[in-house]
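A.B. asks: Shown below is the structure under consideration.
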Amino acid sequence: MDDRELLAIAENIKKNSYSPYSNFRVGAAVLTQSGKTFAGVNVENASFGATICAERTAVFKAVSEGERKIVAVAITSDSDEYTFPCGICRQVLREFGDDGTRVICGNKSGEFKVFKLGELLPNAFFKF
Ligand SMILES: [Zn+2]
């Protein structure tokens, strides 16, 4: 699975975003070491703190299905700008990824840039 294919999965699920408060739809897809993909959207809540980002939805779906290693994640939104994971999501990605995990940041036009997780979360806090 190449970066563009993973981004297409993220773009496809974005329509399911539940974001009535921000009107900022986000779709994400993770690729695990076993070759499976899991996709997610942001799910907001009237109690804002209960909101979860698309990346974490995708990661938690993967982990819930027994996956433990994420090798790539693609993120996209309706923005003209590239969509980066927030700080909390970078930390969650690091829990199941490593400095080399590919982070594919897309925009609404399907353009993207690829980063290593170690670039986006240097000197990460990690137990293992
Ligand atoms: Zn986030």
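A.B. asks: Percent of accessible area on the chain owned by carbon and sulfur, 1.4 Å probe? Show your work: numbers first, answer last.
C.D. replies: Values: 3500 of 6770 Å².
C and S fraction of accessible area: 52 percent.
A.B. asks: Between the alpha-carbon centers of region 26-44 and region 78-128, tell me the distance in whole angstrom.
C.D. replies: Computed from Cα coordinates, the inter-centre distance equals 13 Å.
A.B. asks: Please give the calculated 222 nm ellipticity per residue for the chain, where each DSSP H segment of at least 4 residues contributes -39500 (n - 2.57) and the sum is spread over every residue; nearest 500 deg cm²/dmol?
C.D. replies: Roughly -8000 deg cm²/dmol at 222 nm, from the helical runs in the chain.
A.B. asks: Sticking with this structure for a sec: Can you list the lysines whose alpha carbon sits under 16 Å from that of Lys14, skipping same-chain ones fewer than 8 residues off?
C.D. replies: List returned: Lys61, Lys108.
A.B. asks: Looking only at Val71, Val59, Val92, which one moves most when the chain is put into a Gaussian network model with springs between Cα atoms under 10 Å?
C.D. replies: Of Val71, Val59, Val92, the most mobile in the Gaussian network model is Val92.
A.B. asks: Step through the residues of region 108-117 one at a time and calculate ³J(HN,Hα) from phi using the Karplus curve (6.51 cos²θ - 1.76 cosθ + 1.60, θ = phi - 60°), rounding each to whole Hz and writing x for Gly and Pro.
C.D. replies: Here the 3J(HN,Hα) series is 5, 8, x, 7, 7, 10, 10, 10, 8, 4 Hz.
A.B. asks: Right, here's the next one. If you take the beta carbon distance between Phe115 and Ala46 as r and set R0 to 35 Å, what does 1/(1 + (r/R0)^6) give as a FRET efficiency, to the nearest 0.05?
C.D. replies: With R0 = 35 Å, the Cβ-Cβ based efficiency is 0.55.
A.B. asks: Also: Spin-label point model (7 Å from Cα, Cβ direction): what's the Lys36 to Lys127 distance in nm?
C.D. replies: Spacing of the two 7 Å Cα→Cβ label points: 2.2 nm.
A.B. asks: Continuing with the same structure: Using Cα pairs closer than 8 Å and at least 6 residues apart in sequence, work out the relative contact order for the chain, in percent.
C.D. replies: For the chain, the relative contact order is 21 percent.
A.B. asks: Say a site is exposed when it is one of the trypsin sites (Lys or Arg not before Pro), sits in a DSSP loop, and has at most 11 other Cβ atoms within 10 Å; what is then the longest site-free stretch of the chain?
C.D. replies: Values: sites that count: Arg68, Lys127.
Formally, the longest exposed-site-free interval is 1-67.
A.B. asks: Same structure again: Which three extents, in angstrom, do the Cα atoms of the chain have along their principal axes, listed largest first?
C.D. replies: Reported extents, whole Å, longest axis first: 38, 32, 28.
A.B. asks: Sticking with this structure for a sec: Can you pull out the GluC sites (Glu not before Pro) in region 1-101 whose DSSP state is coil and whose Cβ has at most 14 other Cβ atoms within 10 Å?
C.D. replies: When the GluC sites (Glu not before Pro) of region 1-101 are filtered for loop state and at most 14 Cβ neighbours within 10 Å, Glu65, Glu81 remain.
A.B. asks: Related question: Suppose every Lys and Arg Cβ carries +1 and every Asp and Glu Cβ carries -1, with no other charges. What dipole size does the chain come out with about its Cα centre, to the nearest 20 debye?
C.D. replies: 280 debye
The values are calculated or read from the model by the stated rules, or taken from the named source; none is laboratory data. No experiment lies behind these values; they were computed from the predicted model shown. Note that we place each Cβ from the backbone using ideal geometry, even for glycine, and neighbour counts take in every protein chain shown. Surface accessibility is based on the protein's heavy atoms, side chains included, excluding ligands, DNA and RNA. Shrake-Rupley method; radii C 1.70, N 1.55, O 1.52, S 1.80 Å.
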